[in-house]
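The values are calculated or read from the model by the stated rules, or taken from the named source; none is laboratory data. Values in this document were obtained by computation on a predicted structure and should not be read as measured data. Don't worry about glycine lacking a Cβ; one is built from the backbone with ideal geometry, like all the others, and counts go over all protein chains shown.
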Amino acid sequence: MMNHIWAGMIILGIMGGLTAAFFGNASGNALGDLLQEFLKAAGSATDIVIGLAGMMCFWLGISRIMDAAGLTAKMAALLTPLFRVIMPEVPAGHPAIGSITMNMAANMLGLDNAATPLGLRAMKELETLNPRHGVASNPEIMFLVINTSSVTIFPISVFLYRSKFGAADPVDIFLPVLLATSCSTLAGFLAVAAFQRINLLRLPVLLAFGGLLGLVAGVFVWSLYAGAAMASQASLAANGAVLLFICGLLVFGLLKRVKVYEEFINGAREGFRVCIDILPYLVAMLTAVAFLRAGGVLSLLLSGIREIVEKAGLSADFVDALPVAFMHPFSGSASRALMLDVFGTSGVDSLAGHIAAVMQGSTETTFYVLAVYFGSVGIVRVRHAVTCGLIADFAAMTAAIVIGTMFFG
């Protein structure tokens, strides 16, 4: 599947650029601009990996201390009943369970710098159970889709961008984001379960969903009391939790007579090797996205949707936010730039501005996560991972439009 998707993105982008250059109103250097976007994207991949290397080394070093102190095994044992249902191929107490749990917790707190290294470590541990190297296993697909669609409780970065653009209430998107990302997680999880024929009507799964629902409800009640101070309180809670965790882990490790420094160094070495493995996959995906964007394909699609909506007699105000929806599965940085563009052109407190912010905070970037996570373990055949990831994305973006219109329309 990825062979056709990747090649199709590049071919569509090039054909769009050629059409604009010879038959449209593009400048005479349109093809040169297209090539420059490609070269810039290849350079951006290298910059991303270099920027990721430090955090990768740090968090994999911390994870190595967790292993040596026995905390990863304890977490795995606690969650084994749930993972026996949703990932039956993963043995009870396997270290991957602890890493997956830490990754999901970091995603919920909006801590991308911590979530990515922990997620890559989880993927490497799942790969040790994969009987077919280069082909995504069922547990790896389940983890990838949960990761790309995971519930985000504190979209702190979106709060900050809205504040910088002068939003009257930067955190008023909190509940819509929580609802939209919950829709995304549910849709992605159900899609994978359908492909893998997992029976979800079992007690561990029902308890997990009940716990997640309780968490969402508790955070919602807290948001009502926090009001305008929610952004600062959320940032304090998330960052404080991480710092206390690191401090507590080191104290616990020393009490267990773990050689914390040596273990950290060994984990950090592993992190650097992971970054090298990621680079080719990231170059491939980012350059394909660059061709698609620079070739004008997304702009053409947007114009067609606007015309259809207007002919149907409906309000097309939300259409201005759709570039974020189209780009988000491919590139987080590009969709963030488009969100900021919507803030600047339509207004941060406009309907389009609100919907764009909800879209940005609702899911991870499917193709970027796929390239990075699967690339780190050499997977080239992704099976149903893309389909399920895009189902989660579609659910999130549809929910963002519907919920955003209900709240801010």
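Here are a few things to note about the model shown:
Residues checked against (1) charged (D, E, K, R); (2) touching a Cys at 6+ places or on another chain (Cβ under 8 Å); (3) outside any helix (DSSP H, G or I):
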position	(1), (2), (3)
THR80	no, no, no
ARG121	yes, no, no
ASN130	no, no, yes
ILE141	no, yes, no
ASN147	no, no, no
LEU160	no, no, no
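- The stretch 186-232, residues that are within 17 Å of LEU79 (Cβ to Cβ), touching a helix residue (DSSP H, G or I) at 6+ places or on another chain (Cβ under 9 Å) and in a helix (DSSP H, G or I): PHE189, LEU203, PRO204, VAL205, LEU207, ALA208, PHE209, LEU212, LEU215
- Residue in the stretch 347-354 that is modelled with pLDDT of 85 or more and under 20 Å from the mean Cα position of the chain (by Cα) present: yes
- Every residue from the stretch 51-73 that is free of Cβ contacts under 8 Å to residues at least 40 places away in the same chain and either crowded, with 16+ Cβ neighbours inside 10 Å or touching a helix residue (DSSP H, G or I) at 6+ places or on another chain (Cβ under 8 Å) (or both): THR72, ALA73
- Scanning the stretch 118-167 for residues that are among the small types (Gly, Ala, Ser) and within 22 Å of HIS384 (Cα to Cα) yields GLY119, ALA122, GLY134, ALA136, SER137, SER149, SER150.
- When we screen ILE14, ILE65 for residues that are part of a helix (DSSP H, G or I) and at pLDDT 85 or above, the only hit is ILE65.
The rows are residues; the columns are (1) surrounded by 16 or more Cβ atoms within 10 Å (Cβ to Cβ); (2) free of Cβ contacts under 8 Å to residues at least 40 places away in the same chain.
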{"residue": "VAL192", "(1), (2)": "yes, no"}
{"residue": "ASN199", "(1), (2)": "no, no"}
{"residue": "GLY240", "(1), (2)": "no, yes"}
{"residue": "LEU249", "(1), (2)": "yes, no"}
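- Tally, over the stretch 132-187, of residues that are touching a Pro at 6+ places or on another chain (Cβ under 7 Å) and buried (at least 20 other Cβ atoms within 10 Å of the Cβ): 3
- Test: MET104 is farther than 27 Å from GLY134 by Cβ, modelled with pLDDT of 75 or more and either of a type in the set (Phe, Trp, Tyr) or out of contact with any strand residue (DSSP E or B) (no Cβ under 7 Å at 6 or more places or on another chain) (or both): no
- Qualifying positions in the stretch 254-285 - β-branched (Val, Ile, Thr) and either under 19 Å from THR46 (Cα atoms) or surrounded by fewer than 16 Cβ atoms within 10 Å (Cβ to Cβ) (or both): ILE265, VAL274, ILE276, ILE278, VAL283
- Any hit, the stretch 76-92, residues being within 24 Å of VAL251 (Cβ to Cβ), of a type in the set (Asp, Glu) and modelled with pLDDT of 80 or more: no
- One residue stands out in the stretch 107-119 among those that are part of a helix (DSSP H, G or I) and surrounded by fewer than 21 Cβ atoms within 10 Å (Cβ to Cβ): the one that is modelled with the highest pLDDT, namely MET108.
Per-residue answers, yes or no, for (1) in contact with an Asp or Glu (Cβ under 9 Å, 6 or more places away or on another chain); (2) small (Gly, Ala, Ser); (3) surrounded by fewer than 18 Cβ atoms within 10 Å (Cβ to Cβ); (4) over 19 Å from SER157 (Cα atoms):
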residue	(1), (2), (3), (4)
GLU307	no, no, yes, yes
LEU338	no, no, no, no
ILE355	yes, no, no, no
GLY375	yes, yes, no, yes
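- The single condition among (1) out of contact with any Pro (no Cβ under 9 Å at 6 or more places or on another chain); (2) in contact (Cβ under 8 Å) with a residue 60 or more places away in the chain; (3) crowded, with 21+ Cβ neighbours inside 10 Å that ARG383 does not satisfy is (3).
- Scanning the stretch 388-397 for residues that are surrounded by fewer than 20 Cβ atoms within 10 Å (Cβ to Cβ) and either within 22 Å of PRO117 (Cα to Cα) or touching a helix residue (DSSP H, G or I) at 6+ places or on another chain (Cβ under 7 Å) (or both) yields a single hit, LEU390.
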